[in-house]
Amino acid sequence: MKKNKNGIWVNDKNEPITWWNPYEGDIIGPYLQFIGDFSNWPRYQMLEFKDGTILYVSFDGYGDSDNDLDLDDPNYEECYEFYFKILKIKNKSKDCKWKMNQNIFFSYHNFPIKWERLNENEIKKLKVSNK
């Protein structure tokens with residue numbers, strides 16, 4: 001996945017990527033570019049957020065969802081979601097409500113600003129915190 005010369009997200013065959021809404025491409029596109037081939041999705045990841053909170057997570061899946069409004073509601077929207085389980089929390093901000101071992105999801109509404117692949121050995125070295 002990459003942006004072509006016209007700024008449109010395309011797959012490896014240069015076919016345009018279809019997003020559920022106009023905001024997803026610029027927010028989620030770079031993450032999908034980082035991930036690469038879905039068959040090689042990194043099981044463990046570090047996710048960093050605007051408030052400085054860092055989550056060490058295991059990837060559980062992805063899919064599409066909506067905001068539970070009626071289809072004819074003008075605020076109805078669909079979006080992609082990514083599902084994770086929190087293994088450790090670092091630099092937890094005062095507003096952070098996430099907890100250890102919590103299953104969470106992210107969409108373009110609350111997506112991390114930075115991410116890294118982690119291997120199993122890196123995860124084993126993490127000290128578990130219940131904060």
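The values are calculated or read from the model by the stated rules, or taken from the named source; none is laboratory data. This one's a predicted model, so the numbers in the text were calculated from it and none came from an experiment. Every residue, glycine as well, gets a Cβ built from its backbone with ideal geometry; the counts of neighbours run over all protein chains shown. We work out accessible area using only protein heavy atoms, side chains counted, and drop any ligands, DNA or RNA first. Shrake-Rupley method; radii C 1.70, N 1.55, O 1.52, S 1.80 Å.
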Discussion item. At 7 Å along Cα-to-Cβ for each site, give me the label-to-label distance between LYS99 and LYS50 in nm.
Written reply: 2.6 nm
Worksheet entry | Too-long pairs where the Cα-Cα distance tops 29 Å, listed order kept, from LYS13/LYS97; LYS3/LYS114; LYS94/LYS125; LYS3/LYS90; LYS13/LYS85 | LYS13/LYS97; LYS3/LYS90; LYS13/LYS85
Worksheet, complete the sentence: Under the Karplus relation with 6.51, -1.76 and 1.60 and θ = phi - 60°, whole-Hz ³J(HN,Hα) for the stretch 119-124, x at Gly and Pro, equal 9, 4, 5, 5, 5, 5
Worksheet, complete the sentence: Of the accessible area of the chain, computed with a 1.4 Å probe and all protein chains kept, carbon and sulfur make up a percent value of 47 percent
Response to the item:
If amide H atoms are modeled at 1.01 Å from N in the peptide plane, then the residues at a separation of 5 or more from LYS2, or on another chain, having amide H under 5 Å from its own are VAL10
Worksheet item: When Lys and Arg each count +1 and Asp and Glu each count -1, what net charge do the other residues less than 11 Å away from PHE105, Cβ to Cβ, add up to?
Response: -1
Item to complete: Roll a 1.4 Å probe over the protein chains and send me the accessible area per residue for the stretch 52-128 in Å².
Response: 65 Å²
Worksheet item: In percent, how large is the relative contact order of the chain, given Cα pairs closer than 8 Å and 6 or more residues apart?
Response: 24 percent
Item to complete: Enter the accessible area of TYR23 (Å², nearest 10), with the probe set to 1.4 Å and all protein chains included.
Response: 140 Å²
Worksheet entry | ³J(HN,Hα), Karplus 6.51/-1.76/1.60, whole Hz, each residue of the stretch 97-110, x for Gly, Pro | 10, 6, 10, 4, 6, 6, 8, 9, 9, 10, 10, 5, 5, 9
Fill in: In sequence order, calculated HN-Hα J values of the stretch 13-27 (Karplus, 6.51, -1.76, 1.60; Hz; x Gly/Pro)
9, 6, 8, x, 7, 9, 9, 6, 8, x, 8, 5, x, 6, 8
Worksheet item: By its C-alpha gyration tensor, with a ≥ b ≥ c as the square roots of the eigenvalues, how is the stretch 1-94 shaped: rounded for a/c under 1.5, else prolate for a/b larger than b/c, else oblate?
Response: oblate
Fill in: Estimated [θ] at 222 nm from DSSP helical runs (n ≥ 4, -39500 (n - 2.57)) normalised by residues in the chain, nearest 500
-4000 deg cm²/dmol
